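Some notes on the structure that comes next.
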Amino acid sequence: MRFETLAVHAGGESDVTTGAVAPPIHLATTFRHGPMAERIAGYEYQREGNPTNDRLCAAIAGLEGGATALTFASGMAAISCLLESLQAGSHIAVPDDCYTGLRVLGAEFLPQRGVRVSTVDMSDLDALDRLCQAGVDLIWAETPSNPRMKISDIQALAGIAKAHGSVLVCDNTFASPVLQRPLEHGADIVMHSTTKYFGGHSDVLGGALVFKRADSWHERIAHRLHITGAVLAPFSAWLTLRGCRSLPARMAMHCANARAVAGFLAAHPAIERVNYPGLASHPGHAIALRQMSDFGGMLSIELRGGHNAAVTLAGRLKVFTNATSLGGCESLIEHRASVEGANPTSPENLLRLSIGLEHPDDLIADLSHALE
Ligand SMILES: *Cc1c(COP(=O)(O)O)cnc(C)c1O
């Protein structure tokens, strides 16, 4: 089955009792069992699994080409559950440019649990290989990365991980499985904030892990999820499953719009730099061409006029909304340094753009006017 067909049908078998074409939402927290707790239809308690969530897990696993998937209350719940399942004394490598929540987890929480965290530029394969000589249990990749849109070579990272006996995890939130399927390039686990493109409408929080194999990693993390309890609510699972149906169609339009906006910005004299892997000038362009089918709806820009030019532009836009998050229908813009807390890592002149589904001419006109 081709990807678009799978996106429409995965986890979408019509309801056997009613024939309903749209899947039902099962809100039950508990399921009738036998007198010795014998499961009747495979379910017992919502935290341990429920039919609506199972449909979503099947859909996400299918779209990423994994053996199995778990969903979580948020992307950060997925990341935390995975990384907190590591033994004390473990050593992990995380990218120098990555989602802020992962950076904070690595700086504040993981060391308290005895997990050592090293930060490395994942496009510098020699540096990663040197780090791995010291023993690395898990390599975390995020490509394209937030917010600088750095590209890392998943296949090359998988080679290094394999050579050193590490597990390779890839945050695939920015690309979505429409554009990039890391398991096909050798990753072991894929992570998603389904809050973003999967949900697609800025109205449902969620996270997912997709496993290449139903192995001991899956078993350990599933057990931890079911006990610690940061599970996805059935209504959220249902909304996210609904998002899967239109994911390929939306991504195609996000990509086309972002390409148009990036082209405009790259030619504008007020812009010092456009971080968008679809531009031939982007240092990761060749790798992106190899491992992605298109370049996505995210980009960041660095303005010539520094902090003031960046916040002035953000403040003058009318069609773009100043807000965090990404992957929704509406275009968003954000001055990352302002939201990164006490020690921002983003340059002061950087703005991150999530290109939505408006007409690209309206987005370009908005930017053009605001840059005057
Ligand atoms: C949003 C995001 C996360 C965290 O997901 P939440 O659903 O907000 O908890 C992780 N990684 C990336 C790349 C993200 O954009």
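The values are calculated or read from the model by the stated rules, or taken from the named source; none is laboratory data. On a predicted model such as this, the values are computed, not experimentally measured, just so you know. Every residue, glycine among them, receives a Cβ derived from its backbone with ideal geometry; neighbour counts consider all protein chains shown. Note: accessible area is taken over every heavy atom of the protein model, side chains too, but ligands, DNA and RNA are not part of it. Shrake-Rupley method; radii C 1.70, N 1.55, O 1.52, S 1.80 Å.
Can you compute the modelled spin-label distance between A88 and R2, with each label point 7 Å from Cα toward Cβ, in nm?
Reported label-point gap for A88 and R2 is 5.5 nm.
Solvent-accessible area per residue for the stretch 197-287 at a 1.4 Å probe radius, Å²?
Here the per-residue accessible area is 42 Å².
Taking 7 Å along the Cα-to-C-beta vector as the label spot, tell me the Q112-S338 distance in nanometres, rounded to one decimal.
Calculated label separation equals 3.0 nm.
Would you kindly work out the equivalent ellipsoid of the stretch 209-278 from its C-alpha gyration tensor and give its semi-axes, the square roots of five times the eigenvalues, largest first in whole Å?
Ellipsoid half-lengths, sorted descending, are 39, 17, 12 Å.
May I ask for the angle, rounded to the nearest 10°, between helix 216-228 and the longest principal axis of the chain, with both axes built from Cα atoms and the value confined to 0 to 90°?
Result, in degrees: 80.
As a test of the formula, what do you get for the chain when each DSSP H run with n ≥ 4 contributes -39,500 (n - 2.57) and the sum is divided by the residue count, at 222 nm and rounded to the nearest 500 deg cm²/dmol?
Helix-only estimate at 222 nm: -11000 deg cm²/dmol.
Among DSSP bridges having both ends in the chain, what percentage is antiparallel? Round to the nearest 5.
About 60 percent, rounded to the nearest 5.
Which of the peptides 25-36, 204-215 is most tightly packed, and how do the rest follow, going by the mean number of other Cβ atoms within 10 Å of each residue?
Ranked by mean Cβ neighbours within 10 Å, highest first: 204-215, 25-36.
Between E272 and H201, what length in nm is gained on full extension when 0.36 nm per residue of separation is reduced by their alpha carbon distance?
Additional length available on full extension: 22.4 nm.
Using a 7 Å offset from the Cα along the Cα-to-Cβ direction at both L125 and H223, what is the distance between the two label points in nm, to one decimal?
About 3.7 nm, to one decimal.
Starting from the Kirkwood Rh over alpha-carbon pairs, what translational D in µm² s⁻¹ does the stretch 312-372 have by Stokes-Einstein at 25 °C and 0.890 mPa s?
Using the Kirkwood radius from Cα pairs, D works out to 204 µm²/s.
Lys and Arg at +1, Asp and Glu at -1: add these up for the other residues within a Cβ distance under 9 Å of A237 and post the number.
Spelling it out: positives minus negatives among the neighbours equals 0.
Taking 0.36 nm per intervening residue step and subtracting the Cα-Cα distance, what contour gain separates E358 from V104 on full extension?
Stretched out fully, the E358 to V104 stretch lengthens by 88.1 nm.
Please report the equivalent ellipsoid semi-axes of the stretch 248-370, computed as sqrt(5 x eigenvalue) of the Cα gyration tensor, largest first, in whole Å.
21, 17, 14
Within the set of other residues whose C-beta is less than 15 Å from the C-beta of R336, count the net charge using Lys and Arg as +1 and Asp and Glu as -1.
Net charge in that neighbourhood comes out at -2.
Work out the P(r) tail for the chain: percent of alpha carbon pairs separated by more than 37 Å, whole number.
Considering the chain, 20 percent of its Cα-Cα pairs are separated by more than 37 Å.
Find the Cα radius of gyration of the stretch 107-232, compare it with 2.2 N^0.38 Å by division, and give the number to two decimals.
Against the empirical 2.2 N^0.38 Å value, I get 1.09 for the stretch 107-232.
Roughly how tilted is helix 51-64, in degrees to the nearest 10 and between 0 and 90, from the longest Cα axis of the chain?
With both axes taken from Cα atoms, the answer is about 50 degrees.
Using Cα-only point scatterers and the Debye equation, what is log10 of I(q)/I(0) for the stretch 81-153 at each q in 0.14, 0.25, 0.27 Å⁻¹, rounded to two decimals?
Cα-only, vacuum Debye calculation for the stretch 81-153: -0.41, -1.18, -1.29.
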